[in-house]
Amino acid sequence: MTYCIAIKTNTHLVFASDSRTNAGPDHVSTYSKMFSWGIPGERQFVLLSAGNLATTQDVVQQINRDIRESEATNLHTVKYLSDAADYVGRVSQMMQNKHNNSQMGAGFNAEATFIIGGQIGMDPPEIFMVYSQGNHITCPGMTPFLQIGEIKYGKPLLDRVIVEDTPEDDAIRATMVSMDSTMRSNVTVGPPIEIVSYQTNSLVPGQYRIFRNSDPYLRLLRRRWGET
């Protein structure tokens, strides 16, 4: 299981993901579920992934390959963020079909979902959820965040805290508490927690932070949240 969050405020986009991947109770691994691309001064993207690991890794590899080989459509050439979401949806469908055709075992599920967000030029920054079927949605104005994976444990706090004018630090803290609440309630979601905070109109990579289970700030946040 996975838990990923993307928040859009008036000044920042905040992205967060856990790093645990399960293939049964005896096979627990750690993989990053957060990826980024961009051209400084022109465009920046962050992608969060949930679902079948083989599918999500193939999607990321194809995105990298398309950029490297200068394919007509890639994240360096799309004109709008919605075009980027369409592109990710098409690549995801292609990889899901590949794995479904090659894996005939009962119970195999190649589905994957993604969140892609960022900014192209001076167009407003956006975040989109890309479903396993390839279609996508953006976040409504009254709830300026999107989640994928194990969403139910961390959603109530985000509903209470996150609005369009939430300051960056508060958005990051809310994200970390939401993530920690989910990790406490579901052992298939686990650290390290990766967070990127992108400043609107900067068009440079966002500030990246990683919080391992022993991180002093994460432990302090847990203790203070438990005391409230």
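The values are calculated or read from the model by the stated rules, or taken from the named source; none is laboratory data. In this text the structure is predicted, and so the values were computed from the model without any measurement. Ideal geometry is used to build each Cβ from the backbone, glycine not excepted, and the neighbour counts take in all protein chains shown. Accessible surface is based on the protein model in full, side chains and every heavy atom, while ligands, DNA and RNA are left aside. Shrake-Rupley method; radii C 1.70, N 1.55, O 1.52, S 1.80 Å.
Per-residue answers, yes or no, for (1) of a type outside the set (V, I, T); (2) within 18 Å of K33 (Cα to Cα):
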position: V130; (1), (2): no, yes
position: N135; (1), (2): yes, no
position: T138; (1), (2): no, no
position: M142; (1), (2): yes, no
position: I148; (1), (2): no, yes
position: G154; (1), (2): yes, yes
position: V161; (1), (2): no, no
position: D169; (1), (2): yes, no
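Among all residues of the stretch 172-184, there is none that is touching a Pro at 6+ places or on another chain (Cβ under 7 Å), among the hydrophobic types (A, V, I, L, M, F, W, C) and under 22 Å from P124 (Cα atoms). The C-beta contact set for the stretch 195-213 (first residue among the charged types (D, E, K, R), second residue part of a loop (DSSP other than H, G, I, E, B), distance under 9 angstrom, 6+ apart or interchain) comprises R212/P191; R212/P192. The number of residues in the stretch 40-79 that are part of a loop (DSSP other than H, G, I, E, B), free of Cβ contacts under 8 Å to residues at least 40 places away in the same chain and open to solvent by less than 40 Å² (accessible area, probe 1.4 Å) comes to 2.
Each row is one residue, and each column tells you yes or no for (1) over 22 Å from V204 (Cα atoms); (2) within 16 Å of the chain's Cα centre (by Cα); (3) assigned to a loop (DSSP other than H, G, I, E, B); (4) not polar (S, T, N, Q).
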| site | (1), (2), (3), (4) |
| --- | --- |
| Q93 | yes, no, no, no |
| A110 | yes, no, yes, yes |
| T113 | yes, yes, no, no |
| M142 | yes, no, yes, yes |
| D159 | yes, no, no, yes |
| D169 | no, no, no, yes |
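Kindly check whether there is at least one residue in the stretch 157-167 that is in contact (Cβ under 8 Å) with a residue 60 or more places away in the chain, more than 21 Å from S17 (Cβ to Cβ), open to solvent by less than 20 Å² (accessible area, probe 1.4 Å) and among the β-branched types (V, I, T). No: the stretch 157-167 contains no residue that is in contact (Cβ under 8 Å) with a residue 60 or more places away in the chain, more than 21 Å from S17 (Cβ to Cβ), open to solvent by less than 20 Å² (accessible area, probe 1.4 Å) and among the β-branched types (V, I, T).
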